[in-house]
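Q: Have a look at the structure that comes next, please.
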Amino acid sequence: MSWPGWRQPVRIADAIVSAFQRLGLESRFKESEIWRVWPTVVGPQIARHAQPHAMSHGRLVVHVTDPVWLHHLSMMRHRVVAALNKSLKASSVREIILRVGEVTVPAETRQGVVPKDDAAAPDPAHVERVEALLKPLGDTPFRDGLYRLLLKAYRPGDHGPSR
C-alpha cells in the first residue's frame, strides 16, 4: 500500500534544479554567476577599477572608480557583454550601464598589486593632518581618492597640507 503523496526519491541536484525552475529563480541564479566570472572575463587590471553592482532585466550596472575608467569601459562595453555571455553560456547580459561608484577589490585581483615600500610612507603626523583636513567631507565617495592623493603627494621634508 502506498502513502498518499508519496514520491520516488530523487537526487538533490535534480531537486534543486526543479525547485529553481518552479520558483522562477533559474535565470536569477545564472545572473549571479556574473560576479564569479567578472574578474576572469575582464582581467585583473579592469577588475581592480570596475565591479558589477546590480543586475536587472538583462541590464548589468557596473561601478567604476573614476570617469577615466567609465570612458574606457564605455568604449569596450559591447566586447565585455559578448565575453560575459560567452563565459556564462547564455545571453543574460543585454546591456552594461556604467556609473562612478564604490569598487571593492576582491582578494584574487589584488594579487597583482605590488605593495609600496615602507621607506616612502608618510609620517603619522602627516597622516593625522590629512585626516583632519578631510574630516568635514564625511564618508563621500571621492574622500578615499582625495585621501590617497594627498598621501601620495607627500614628499619627505614637506610639512603636509597647511591648515
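The values are calculated or read from the model by the stated rules, or taken from the named source; none is laboratory data. Since this is a predicted model, take the numbers as computed values, not measurements. Cβ coordinates were reconstructed from backbone atoms using ideal geometry, including for glycine residues, and neighbour counts include every protein chain displayed.
Q: Can you confirm whether the stretch 22-40 contains a residue that is part of a helix (DSSP H, G or I), at pLDDT 90 or above and either exposed (fewer than 11 other Cβ atoms within 10 Å of the Cβ) or touching a Ser or Thr at 6+ places or on another chain (Cβ under 6 Å) (or both)? Even if it seems obvious, please write down each step before you answer.
A: Kept after step one, since they are part of a helix (DSSP H, G or I), are these residues of the stretch 22-40: 22-23, 26-40.
Restricting the remaining residues to those that are at pLDDT 90 or above gives 37-40.
Imposing the further condition that a residue be either exposed (fewer than 11 other Cβ atoms within 10 Å of the Cβ) or touching a Ser or Thr at 6+ places or on another chain (Cβ under 6 Å) (or both) reduces the set to 37, 39.
Yes, the stretch 22-40 contains at least one residue that is part of a helix (DSSP H, G or I), at pLDDT 90 or above and either exposed (fewer than 11 other Cβ atoms within 10 Å of the Cβ) or touching a Ser or Thr at 6+ places or on another chain (Cβ under 6 Å) (or both).
Q: Taking the residues in the stretch 87-109 that are in a helix (DSSP H, G or I) and surrounded by 12 or more Cβ atoms within 10 Å (Cβ to Cβ) as candidates, determine which candidate is modelled with the highest pLDDT.
A: Ser87
Q: Quick check on Arg79: is it over 15 Å from the mean Cα position of the chain (by Cα), in a helix (DSSP H, G or I), on the phi < 0 side of the Ramachandran plot and at pLDDT 90 or above?
A: yes
Q: Confirm whether Val62 is among the hydrophobic types (A, V, I, L, M, F, W, C), part of a strand (DSSP E or B) and in contact with a strand residue (DSSP E or B) (Cβ under 8 Å, 6 or more places away or on another chain). Outline the logic, then answer.
A: Numbers: among the hydrophobic types (A, V, I, L, M, F, W, C): yes; part of a strand (DSSP E or B): yes; in contact with a strand residue (DSSP E or B) (Cβ under 8 Å, 6 or more places away or on another chain): yes.
Considered against the rule, which asks whether it is among the hydrophobic types (A, V, I, L, M, F, W, C), part of a strand (DSSP E or B) and in contact with a strand residue (DSSP E or B) (Cβ under 8 Å, 6 or more places away or on another chain), Val62 comes out as yes.
Q: If I filter the stretch 50-71 down to residues being among the β-branched types (Val, Ile, Thr) and free of Cβ contacts under 8 Å to residues at least 60 places away in the same chain, which single residue comes out as surrounded by the fewest Cβ atoms within 10 Å (Cβ to Cβ)?
A: Val68
Q: Next question. Considering only residues that are out of contact with any strand residue (DSSP E or B) (no Cβ under 9 Å at 6 or more places or on another chain) and among the hydrophobic types (A, V, I, L, M, F, W, C), look in the stretch 83-94 and name the one that is nearest to Val37 (Cα to Cα).
A: Filtering the stretch 83-94 for residues that are out of contact with any strand residue (DSSP E or B) (no Cβ under 9 Å at 6 or more places or on another chain) and among the hydrophobic types (A, V, I, L, M, F, W, C), the one nearest to Val37 (Cα to Cα) comes out as Leu88.
Q: Can you say whether Val80 is closer than 30 Å to Gly145 by Cα and in contact with a strand residue (DSSP E or B) (Cβ under 8 Å, 6 or more places away or on another chain), as far as the supplied structure shows?
A: Criteria met by Val80.
Q: When the stretch 86-97 is examined, which residues are found to be under 10 Å from Val41 (Cα atoms) and without any contact (Cβ under 8 Å) to a residue 24 or more places away in the chain?
A: The answer is Lys86, and nothing else.
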